[in-house]
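Student: My questions will all concern the structure given below.
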Amino acid sequence: MMTTSTEPAIAVTGLRRSYGDHVVLDGIDLQVSAGTVFSLLGPNGAGKTTMVQILSTLIRADSGEVRVAGHDVAREPDQVRANIGVTGQFSAVDSFLTGEENLLLMADLHHLGRGEGRRRAAELLERFGLGEAAHRPSVTYSGGMRRRLDLAMGLIGDPRVIFLDEPTTGLDPRSRRDMWQIVRELAGRGVTVFLTTQYLEEADRLADRIALLDRGRLVAEGTPDELKRLVPGGHVELRFTDDRDLSAAAAVLGVAADLADESLVLRVPGDGSVRSLKALLDQLDAAAVDVQGLAVRTPDLDDVFLSVTGRVGR
C-alpha cells in the first residue's frame with residue numbers, strides 16, 4: 001500500500017509529558033516522512049516507550065500537538081487507531097490460542113469480515129514464515145516466532161504507520177536479522193515504521209533517519225551518516241601497492257606513514273564527504289601517486305551517542 005500524500009506520516013510539535021515532578025518528554029519536535037523507517041534511540045528511561053504510547057493514543061500528552069497519519073491523536077484517536085499498528089517490547093500474543101486464532105482475534109477487533117479476516121490471517125502467516133505452525137498453540141513457539149506473530153497481529157488491519165517498540169529485545173542474532181528483513185519489506189511497501197531500540201547497530205542498518213533521545217530531549221537528529229559526521233575522528237584509508245607510493249602520498253598529504261605496517265595503508269583525517277575525497281585524490285593525481293584503493297571510516301553510532309550525551313547508548 002503506497003501513499004502519495006506529501007503530509008508527514010508523523011508530526012510532533014512541543015510535546016511534553018511528566019509523571020509528577022519527573023519530566024519524561026520535554027518539548028519534542030519531530031517529523032517522519034511517509035514510507036520511511038525512523039528510529040528513536042536512547043537508553044532505558046529516556047522516554048522512548050512514553051513517546052510510542054502517546055503517538056499510538058495509549059496515553060495523553062500534557063501539552064503539544066501530535067498528528068499521525070494525518071489525524072490529531074487527541075481529537076481524532078479513533079481515526080489514528082484505524083491507521084496504525086503497534087508492537088510493544090513484550091509480546092501481546094495469547095499463549096493459549098494458536099497462531100491463526102491470535103490473528104483472527106485481531107481481525108475481529110479491526111471489524112474485518114469473516115472471509116477478509118481469514119484471508120488476511122493466512123496471508124500474514126505465510127509472509128512471516130508461520131504457515132506450518134498456524135494451528136499450534138503459540139505457547140509452543142520460539143521467541144523469534146512469537147515476535148513475528150506479534151508483528152503480524154499489528155499488521156492485520158493493513159496500517160499506514162506501525163510502531164515497533166524495541167521489537168528485537170531478547171531475540172537471538174538470527175531472529176533479529178529476520179525481523180530486520182521484515183522491517184525493510186514493510187518500508188518497501190510504503191508503510192511508515194517508527195522504531196525504538198537500544199541497539200545502535202539496528203538503527204544504523206534500518207533507519208532512514210535517527211533521533212537520539214536523552215533525558216526527555218532530542219539531542220541530535222539526522223541520517224546515520226549525518227550523525228556520524230558530528231563526531232571528529234573520521235578518516236580515509238588509502239591502500240598502496242608498495243612503500244614508495246605510500247611514502248610519496250604521506251609527503252604530499254602531510255601525514256605520518258607507518259612503514260612497518262605491512263598492510264600499506266595510509267590513514268588521512270577527513271569527513272569522507274565527496275568534496276574532500278575529490279580534493280584528496282586530485283592532490284595525489286597531480287603528484288603522480290597511484291592509489292590501489294580507498295575506504296572511508298567514520299565513527300559509529302556508539303561514538304555519536306557518547307559524544308552528545310556523555311554516556312553509551314545501551
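The values are calculated or read from the model by the stated rules, or taken from the named source; none is laboratory data. In this text the structure is predicted, and so the values were computed from the model without any measurement. Because the Cβ atoms are built from the backbone with ideal geometry, glycine has one as well, and the counts that use them run over all protein chains shown.
Student: Spot the failing condition for Val80; the list is (1) touching a helix residue (DSSP H, G or I) at 6+ places or on another chain (Cβ under 8 Å); (2) closer than 27 Å to Leu112 by Cβ, and only one is missed.
Tutor: Against the list (1) touching a helix residue (DSSP H, G or I) at 6+ places or on another chain (Cβ under 8 Å); (2) closer than 27 Å to Leu112 by Cβ, Val80 comes up short only on (1).
Student: Identify, from the list Asp158, Asp150, the residue that is modelled with pLDDT of 90 or more, under 20 Å from the mean Cα position of the chain (by Cα), closer than 20 Å to Val37 by Cβ and of a type in the set (Asp, Glu).
Tutor: Asp150
Student: Residues that are of a type in the set (Val, Ile, Thr) and within 26 Å of Val308 (Cβ to Cβ), at least 1 per element: which helices (runs of 4 or more DSSP H) completely within region 1-112 meet that?
Tutor: Correct list: 48-55.
Student: Scan (1) part of a helix (DSSP H, G or I); (2) in contact with a strand residue (DSSP E or B) (Cβ under 9 Å, 6 or more places away or on another chain); (3) small (Gly, Ala, Ser) for the single condition Ala121 breaks and write down its number.
Tutor: So the condition that Ala121 fails would be (2).
Student: Which of the residues belonging to region 187-230 are without any contact (Cβ under 8 Å) to a residue 40 or more places away in the chain and not β-branched (Val, Ile, Thr)?
Tutor: Gly188, Arg205, Gly222, Glu226
Student: I need a count of the residues in region 130-145 that are part of a loop (DSSP other than H, G, I, E, B) and without any contact (Cβ under 8 Å) to a residue 40 or more places away in the chain. It would help to see each step written out before you state the result.
Tutor: The first filter runs over region 130-145 and keeps only residues part of a loop (DSSP other than H, G, I, E, B), leaving 130-136, 141-142.
Imposing the further condition that a residue be without any contact (Cβ under 8 Å) to a residue 40 or more places away in the chain reduces the set to 130-136, 142.
Selection size over region 130-145: 8.
Student: Which of the residues that make up region 146-170 are in a helix (DSSP H, G or I) and either more than 27 Å from Ile10 (Cα to Cα) or not basic (Lys, Arg) (or both)?
Tutor: Those that are in a helix (DSSP H, G or I) and either more than 27 Å from Ile10 (Cα to Cα) or not basic (Lys, Arg) (or both): Arg146, Leu149, Asp150, Leu151, Ala152, Met153, Gly154.
Student: Another question about this same structure. How do the pairs read when you match residues in region 87-116 that are closer than 12 Å to Val139 by Cα with residues anywhere that are of a type in the set (Asp, Glu) and part of a loop (DSSP other than H, G, I, E, B), using Cβ under 9 Å and keeping only pairs 6 or more apart or on different chains?
Tutor: Within 9 Å, the pairs are Asn102/Asp94.
Student: Need pairs with beta-carbon distance below 7 Å; first residue free of Cβ contacts under 8 Å to residues at least 40 places away in the same chain and within region 260-275, second among the basic types (Lys, Arg); sequence gap 6+ or separate chains.
Tutor: Leu264/Arg239; Val265/Arg239
Student: Can Ile54 be described as free of Cβ contacts under 8 Å to residues at least 40 places away in the same chain and surrounded by 20 or more Cβ atoms within 10 Å (Cβ to Cβ)? Working first, answer last.
Tutor: Working: free of Cβ contacts under 8 Å to residues at least 40 places away in the same chain: yes; surrounded by 20 or more Cβ atoms within 10 Å (Cβ to Cβ): yes.
Yes: the conditions hold for Ile54.
Student: From the residues in region 287-314 that are touching a residue at least 24 places away in the same chain (Cβ under 8 Å) and more than 30 Å from Gly42 (Cα to Cα), which one is surrounded by the fewest Cβ atoms within 10 Å (Cβ to Cβ)?
Tutor: Gly293
Student: Picking from Thr168, Thr140, which residue would you name as being buried (at least 19 other Cβ atoms within 10 Å of the Cβ), at negative phi and of a type in the set (S, T, N, Q)?
Tutor: So the residue among Thr168, Thr140 that is buried (at least 19 other Cβ atoms within 10 Å of the Cβ), at negative phi and of a type in the set (S, T, N, Q) is Thr168.
Student: Restricting to region 171-198, name every residue that is closer than 15 Å to Thr49 by Cβ and buried (at least 18 other Cβ atoms within 10 Å of the Cβ).
Tutor: Phe194, Leu195, Thr196, Thr197, listed by residue number.
Student: State all residues of region 220-241 that are farther than 30 Å from Glu185 by Cβ, surrounded by fewer than 17 Cβ atoms within 10 Å (Cβ to Cβ) and either touching a Cys at 6+ places or on another chain (Cβ under 8 Å) or not polar (S, T, N, Q) (or both); if no residue qualifies, say none.
Tutor: Residues satisfying the conditions are Leu230, Pro232, Gly233, Glu237, Arg239.
Student: Which condition from (1) modelled with pLDDT of 95 or more; (2) crowded, with 19+ Cβ neighbours inside 10 Å is the one that Gly85 breaks?
Tutor: The one condition Gly85 does not meet is (1).
Student: Additional query: For Arg244, which of the numbered conditions (1) touching an Asp or Glu at 6+ places or on another chain (Cβ under 7 Å); (2) surrounded by fewer than 15 Cβ atoms within 10 Å (Cβ to Cβ) fails to hold?
Tutor: (1)
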